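Worksheet: the structure to be examined is printed underneath.
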Amino acid sequence: MGRTADAIAEGVIIATAAARLSIRNRILVDAIRNDSTFSVDAVKPFARQTLEALADEQSAAADRARADWRRAWGKQSDPSGTHDYRGRDSRNLRRRARQYTGVAKELRERATDDAALEQLIEQARDAAWGDVESNLERRLIVEAMRPDLDPDYASMRAARMQSIRLIDLPRLSSHQRRLSTSQGSAPMIDVDDSGPVPDGGSPEGE
């Protein structure tokens, strides 16, 4: 189990990381879906509620550990499962309850500390903007890529053209036939899977 203080510190780090992730997601949703302007004060109530909810989870875990401790007290038989505790587990269960309680206490203190909340929100905002930046960079690379700048263009062109010939064009032909049938006219496109993909021009006869 380790020292109680070390376990509490580790638990706070894990819980804070979970809170930061939730706040980051909230910032992204507000910005993308709701078109909201970022504001620390606007996010602060959500950040506080998130920390309080995590503290409640830790308190509930402490209550369960204490209940397990009471049930295990005096039992000396062999356990039937992982959570079938016995008297020899009492020390660890008491320590675990103290650790959960310590984490809950620290989280509640941070939930009432404006400076701690603002620092957590700023960290979450940096993470959110980092995600946005990465997504934009990837999209710009894809959309701005030219054949002469893509080192894999030549090697992948044959595969792309084959995909068009074997998948996209037959699918388009089938779609056109369905449309023509529903409209009572002849199909406009007929695809020969064995033929090459035309580079341009107009259908024969036009």
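The values are calculated or read from the model by the stated rules, or taken from the named source; none is laboratory data. For clarity, every value in this text was computed on a predicted model and none was experimentally measured. All Cβ positions, even for glycine, are placed from backbone atoms using ideal geometry, and neighbour counts span all protein chains on display. Only protein heavy atoms, including side chains, enter the accessible area calculation; ligands, DNA and RNA are left aside. Shrake-Rupley method; radii C 1.70, N 1.55, O 1.52, S 1.80 Å.
Observations, loosely collected:
- Tally of residues being open to solvent by 80 Å² or more (accessible area, probe 1.4 Å), assigned to a helix (DSSP H, G or I) and modelled with pLDDT of 75 or more across the range 101-156: 7
- Every test in (1) open to solvent by 70 Å² or more (accessible area, probe 1.4 Å); (2) touching a residue at least 40 places away in the same chain (Cβ under 8 Å) is passed by VAL43 save one, and that test is (1).
- Here SER59 meets each of (1) surrounded by fewer than 20 Cβ atoms within 10 Å (Cβ to Cβ); (2) farther than 22 Å from ARG98 by Cβ; (3) modelled with pLDDT of 95 or more; (4) polar (S, T, N, Q) with one exception, condition (2).
- Residue list for the range 19-34, filter: farther than 15 Å from GLU106 by Cα, in contact with a helix residue (DSSP H, G or I) (Cβ under 7 Å, 6 or more places away or on another chain) and open to solvent by less than 80 Å² (accessible area, probe 1.4 Å): ARG20, SER22, ILE23, ARG24, ILE27, LEU28
- Among the residues of the range 1-17, the ones that are surrounded by 13 or more Cβ atoms within 10 Å (Cβ to Cβ) and not polar (S, T, N, Q) come to 7 in all.
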